[in-house]
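Structure, as structure tokens:
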Amino acid sequence: MKNIFDMKYLRVALLLMISLFVFAACEHEQPTVVKNPLQQAPTFTDVQKIFTANCAFGGCHGDQNTEPRAKPQNLSAGKAYASIFNVAATQSPALSRVKPNDPANSYLVRKLEGGPAISGGRMPLGGSLLAAQIQTIKDWIADGAKNN
């Protein structure tokens, strides 16, 4: 009787361990960035999806942005490209928000990564983009930051 009792506990313990392992593995999955499989470099459409989901809302970088600056950064669909492509960064006028073919010297990338010579904090406020999302933006810039 003792062997049956021990085997029953062993089975239950084994099932619990397997269940915990499976649930723990699922709990830490990161969302993926979907890229167009027909193109090597991301498009501005891919970048705009990131902006729309993480930046272009409320008083941040959306249509409701009421900042009195001469060129507020509006990342809303239909306005983002003109707001960032070869436009001097308000906080660091020596840098462009997006400098085509040069992600390292694009102020947008520096703000997303918390890089050198930024004013204020890393963007987006209160969080950060996934590494894959930042890489999508960097790859788009490295490919010339085309409006596609």
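Quick note: the coordinates plus some simple rules give every number you see, no bench work behind them. All figures in this text were calculated on a predicted structure; none of them were measured in a lab. Note: ideal-geometry Cβ built from the backbone for every residue, glycine included; neighbour counts use all protein chains shown.
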| Using θ = phi - 60° and the Karplus curve 6.51 cos²θ - 1.76 cosθ + 1.60, what whole-Hz ³J(HN,Hα) does each residue of the stretch 83-98 get, with Gly and Pro shown as x? | 7, 10, 6, 6, 9, 4, 5, 4, 7, 8, x, 6, 10, 7, 4, 10
| What does the highest-first list of 116-128, 96-108, 72-84 look like by mean Cβ count within 10 Å? | 96-108, 72-84, 116-128
| Taking +1 at the Cβ of each Lys and Arg and -1 at the Cβ of each Asp and Glu, which of Cys60, Leu129, Phe44 sits farthest along the dipole of the stretch 44-142 towards its positive end, judged by Cα position relative to the Cα centre? | Cys60
| request: Would you please give the residues with an amide H less than 5 Å from that of Ala88, counting only those at least 5 places away or on a separate chain, with H modeled from the backbone geometry? | output: Arg97
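Where the only charges are on Cβ atoms (+1 Lys, Arg; -1 Asp, Glu), what is the dipole of the stretch 44-142 about its Cα centre, to the nearest 20 debye?
Numbers: 10 positive and 6 negative charges, 32 e Å.
Here the size comes out at about 160 debye.
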